[in-house]
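The structure under discussion appears below in the form of structure tokens.
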Amino acid sequence: MTFPRERGRESETERESMATTPATMAKEESRGMHGGENGGENERVRTAEMLMRVVPMGLCVAALVMMLRNSESNDYGSLSYSDLGAFRYLVHANGICAGYSLLSAIIVAMPRPPTISRAWTFFLLDQVLTYTILAAGAVSTEVLYLAYKGDVAITWSSACGSFGGFCHKATASVAITLAAAACYMVLSLVSSYRLFSRFDAPVACTSKGIEDPGFQE
């Protein structure tokens, strides 16, 4: 007498599985579609960020090469970028930023899941490099101002009247450096937004003891 009941139960389970199969397949298809859309969106975001990191690399290399080749000799003497500490700092800052931009672009191009340690690393390094390249542009701008205008109070005469070609090349290099600094500002904003919007703040430790509902009356 028990065999008909077991067969009945087996037939009922088969009907339930057959009834639920189309719904399950629909859910899986919808999940796959949403996963594909999210994957495509993540791919576009990753490509955009990679391009945003490649652009300042090109600007830094252009400013670096232009300043390295900046020298002039005439009847008044010879002048090179290495004679001025601000321009030497600009060359070093552009070289460091170009190397970091290349390395960070390669890391961003790799399809890896986002982690909080990676987000913090990009955030901190983007901030440091932004201030580094911005300081180089600011100091070099001040030197160029003195080269063009001079300083009457300390009897400094204008140097660009005698070394016009040198000043023009230095001005172009500083302008490109400031453009790279603007790109780094945008990158620092993007990395900070990604860090503080995607990951939650650390949970504060409380001094209260852990209550176990099993010991409550």
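Values quoted throughout were computed directly from the atomic coordinates according to the rules given, and no laboratory measurement underlies them. Everything quoted here is computed from the prediction, not taken from an experiment. Every residue, glycine as well, gets a Cβ built from its backbone with ideal geometry; the counts of neighbours run over all protein chains shown.
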Inset, instruction - Would you work out the charge dipole size for region 52-199 about its Cα centre, treating the Cβ of every Lys and Arg as +1 and the Cβ of every Asp and Glu as -1, and quote it to the nearest 20 debye? - result: 740 debye
Inset, instruction - May I ask you to evaluate 6.51 cos²θ - 1.76 cosθ + 1.60, the Karplus curve with θ = phi - 60°, for each residue of region 131-137 and list the ³J(HN,Hα) values in order in whole Hz, giving x for glycine and proline? - result: 5, 5, 6, 5, 5, 4, x
Legend entry - Highest to lowest packing among 76-84, 176-184, scored as the average C-beta count within 10 Å: 176-184, 76-84
Legend entry - Long-range HN-HN contacts of Asn70 with modeled amide H, under 5 Å: Tyr81
